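Below is one structure, written out as C-alpha cells, with a few remarks after it.
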Amino acid sequence: MKSKGIFFAFLSGILLALSYPPISLGFFAWFALVPLFYYLFQSKDLKHTIILGFISSITSNLIILNWIAINSGTSVSTAIITYFSASLYLTIFWIFFSIGVHFTPKRIKLFFVPLLWVFVVEILRNFGSLAFPWLDLSITQSNYNRIIQLISIESHTISFIIILFNILIHEYLVSRKSKFILYFSTTLLVIMLIGNFQINYYNRIQPKTFLSISIGQTVIFPDEKWDRELRQKNFQIMESLLLESLEEKAEIIVWPEVSVPSYLATNINDRLFFQERLMENDSFLILGIPERKFIDGQHFSYNSVMVMYPNGDFSTYQKLFLVPFAEYVPFFKSWLTKINQFDDMGSFTPGSEYKVFPIKDYKIATLICYDSSNPKIVKTMVQNGADILFIVTNDSYVGEFMPYQHFELAKLRAIEQRIPVVQSANNGISGIILPSGKVIYRSNLNERVVHTEKIPIYE
C-alpha cells in the first residue's frame, strides 16, 4: 500500500511538471494530482502523508526548475546547490499542504482543499525574502485562452479551480456518483462561457490611439557583452539595431535587461552615443542598464531600466523584485559569501519606487525580468496610471526552459491587468501581447531581430 502510494505520488509530480511550459501539456494539470489525492485522502499515517507530499513536490520542482542548474551566469557548484536548495525549499509548502489535507474532514474537503492549496502552496510561498511566484498553477493554462481569462478575476482563481477539478475526478473514480461529473461539466461550461465573453469584449474595445513600438532582440551573450575587446563590436551591433528601428519610424524602442555594459546614468559619452540619434528622430529608448549610486558614503548597485527622452533627458527605474541568491543574498549574506561556492552571488539593492514614466500623452511602466512574475507589482503599476507595460529581460544564462516560462508569465500579466505587454529579451522570447491574451508577435530563440509594430493603447 505504502509503496504504491509513493509510486503514484511520483507519477503526480511528473504529470504536473509536464503541464508547465515549455512542454505545456496544460490539460495534464486537471488530473495530475488525482493519483496523489487517492493516497493522501486515505492515509492514516501522518509520516506517510508527509512523504507523499515531499515526493510529488520534489519531482515536479526538479523538472520545472531544471534551468537553475544550468545557470551559466555563475559557477557550476553554485548553480547545482541553488537548484537543489530551491527545489527543497519549495517542497516545504507542499508538505504543509499535505499535512493540512491529512487533517481536513471529509465533508469539507471538496472546497477546503483547493483553498488550502491557494493559501499554503501559492500565497504563503510568495511572501518574504524568498518569495517565489514562478510556479503558480495558472501558468499551466496559458495556451488555453478561454480558461486563462479567469486570472483577471483574481490571480489564484485558476489554481483553485484546477485543484477542485482534481478532487472532483478523484471523487467520481472512488464513488462512481454521477453528480461529480455534473459538477465538473457545469463548472467547465461556465469557465468557457466567461472566457469567451471576456475575449470578445476586449477584442471589440476600440483603442484611443496606436504607438509605434520597436523591439530589439540583441542576442549578445553575457561573456561577450562584458568582454572589453568586444566592446566596439557590441556598440556597432547596438547602433545597427537602433538605426533599423529609427528607419521604421518607431516612437518607442525597447531593448533587453542590461543591454549595454556601461553605467549610462553617469557615463555621459556612452549615453550621448544613443541620445544623439534619438534627438534626430524624436524617439524614446528603453533599455536595461547596471546602475550604481553613492548615498551617505555607501555604494549601492542596481539592476535598472533607463528611459532616454529625445530632448536629452533620462530617467531610471530600479528593479523591485530581486532573485534571491542570484541578485542578492538574503539572511546570512556575510557568512555565505565567505564560502567559495557562493562568492559569485549578486549584491544588488532592490528598488523602492513603483515608477511610471510619462511619454507623450501616456504613461508606461517598465519591469525587469523576475519583476514580471509578481502580480502585485504589475497591479500597482497599473493603479499608478500605466497605459502599457514593458518587460526587459536577459534569459540567456539559463537554457531554453526558462525563456518559454517567462513569456507565458508576460501573457498572464497582460490578461490579469488588461494592459498591452511588450517583452524584450536578449536571446528570446520577445513579443507583444494584447489585453485579451492575443499574441500579435513572438520571436524565436537566439535570433537577432528588430520588430516594429503599431500597438493599441486603451482608455
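For this structure, a couple of remarks:
- Scan of segment 293-323 for residues that are within 28 Å of residue 360 (Cα to Cα) and assigned to a strand (DSSP E or B), ordered by number: 302, 303, 304, 305, 306, 307, 308, 314, 315, 316, 317, 318
- Looking only at segment 73-115, and only at residues there that are outside any helix (DSSP H, G or I) and in contact (Cβ under 8 Å) with a residue 24 or more places away in the chain, the one that is farthest from the chain's Cα centre (by Cα): 75
- Search result, residues across segment 390-413 that are in a loop (DSSP other than H, G, I, E, B) and buried (at least 24 other Cβ atoms within 10 Å of the Cβ): 394, 395, 396
- Pick from segment 66-77, criterion among the hydrophobic types (A, V, I, L, M, F, W, C) and surrounded by fewer than 20 Cβ atoms within 10 Å (Cβ to Cβ), ranking: nearest to residue 129 (Cα to Cα): 69
- Close pairs from segment 160-181: first farther than 18 Å from residue 114 by Cα, partner at pLDDT 95 or above, Cβ under 7 Å, at least 6 apart: none
- Selection count, segment 437-459, where residues are buried (at least 19 other Cβ atoms within 10 Å of the Cβ) and not in a strand (DSSP E or B): 2
- Given (1) modelled with pLDDT under 95; (2) surrounded by fewer than 20 Cβ atoms within 10 Å (Cβ to Cβ); (3) not β-branched (Val, Ile, Thr), number of the condition residue 115 does not satisfy: (1)
- If you go through segment 122-154 and pick out every residue that is hydroxyl-bearing (Ser, Thr, Tyr) and crowded, with 23+ Cβ neighbours inside 10 Å, you end up with 3.
- So residue 80, is it surrounded by fewer than 18 Cβ atoms within 10 Å (Cβ to Cβ) and at pLDDT below 95: yes
- The helices (runs of 4 or more DSSP H) located wholly in segment 121-220 that include 3 or more residues which are over 20 Å from residue 407 (Cα atoms) occupy 157-175, 178-204.
- Residue 352 being touching a strand residue (DSSP E or B) at 6+ places or on another chain (Cβ under 8 Å), surrounded by fewer than 18 Cβ atoms within 10 Å (Cβ to Cβ) and modelled with pLDDT of 75 or more: yes
- Once segment 229-262 is narrowed to residues that are hydroxyl-bearing (Ser, Thr, Tyr) and in contact with a strand residue (DSSP E or B) (Cβ under 6 Å, 6 or more places away or on another chain), the residue that is farthest from residue 445 (Cα to Cα) is 245.
- Per the conditions (1) surrounded by fewer than 17 Cβ atoms within 10 Å (Cβ to Cβ); (2) in a helix (DSSP H, G or I), the sole criterion not satisfied by residue 246 is (1).
- Across segment 108-121, not a single residue is classified as in the same structural domain as residue 46 (by TED's automatic domain parsing) and under 20 Å from residue 24 (Cβ atoms).
- The single condition among (1) of a type outside the set (Gly, Ala, Ser); (2) touching a Phe, Trp or Tyr at 6+ places or on another chain (Cβ under 6 Å); (3) within 22 Å of residue 38 (Cα to Cα) that residue 125 does not meet is (3).
- Every residue from segment 255-266 that is surrounded by 15 or more Cβ atoms within 10 Å (Cβ to Cβ) and modelled with pLDDT of 90 or more: 255, 256, 257, 258, 259, 263, 264, 265
- Here the condition is being surrounded by fewer than 19 Cβ atoms within 10 Å (Cβ to Cβ), more than 19 Å from the chain's Cα centre (by Cα) and modelled with pLDDT of 95 or more; of 14, 6, it holds for 14 alone.
- Within segment 173-228, the residues that satisfy the criterion of being farther than 26 Å from residue 447 by Cα and basic (Lys, Arg) are 176, 177, 179, 204, 208.
- Evaluating residue 380 against the criteria (1) surrounded by fewer than 19 Cβ atoms within 10 Å (Cβ to Cβ); (2) β-branched (Val, Ile, Thr); (3) in contact with a strand residue (DSSP E or B) (Cβ under 6 Å, 6 or more places away or on another chain) leaves one unmet condition, (3).
Every residue, every condition in (1) crowded, with 23+ Cβ neighbours inside 10 Å; (2) within 30 Å of the chain's Cα centre (by Cα); (3) modelled with pLDDT of 95 or more, yes or no:
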{"residue": "232", "(1), (2), (3)": "no, no, no"}
{"residue": "253", "(1), (2), (3)": "yes, yes, yes"}
{"residue": "268", "(1), (2), (3)": "no, no, no"}
{"residue": "271", "(1), (2), (3)": "no, yes, no"}
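Conditions tested, residue by residue: (1) over 25 Å from residue 430 (Cα atoms); (2) surrounded by fewer than 16 Cβ atoms within 10 Å (Cβ to Cβ).
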site: 159; (1), (2): yes, no
site: 168; (1), (2): yes, no
site: 177; (1), (2): yes, yes
site: 203; (1), (2): no, yes
site: 218; (1), (2): no, no
site: 226; (1), (2): no, yes
site: 235; (1), (2): no, no
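The values are calculated or read from the model by the stated rules, or taken from the named source; none is laboratory data. It should be emphasised that the depicted structure is a prediction, and the values quoted were computed from it without experimental measurement. In this analysis, Cβ positions are derived from the backbone assuming ideal geometry, glycine residues included, and neighbour counts consider all displayed protein chains.
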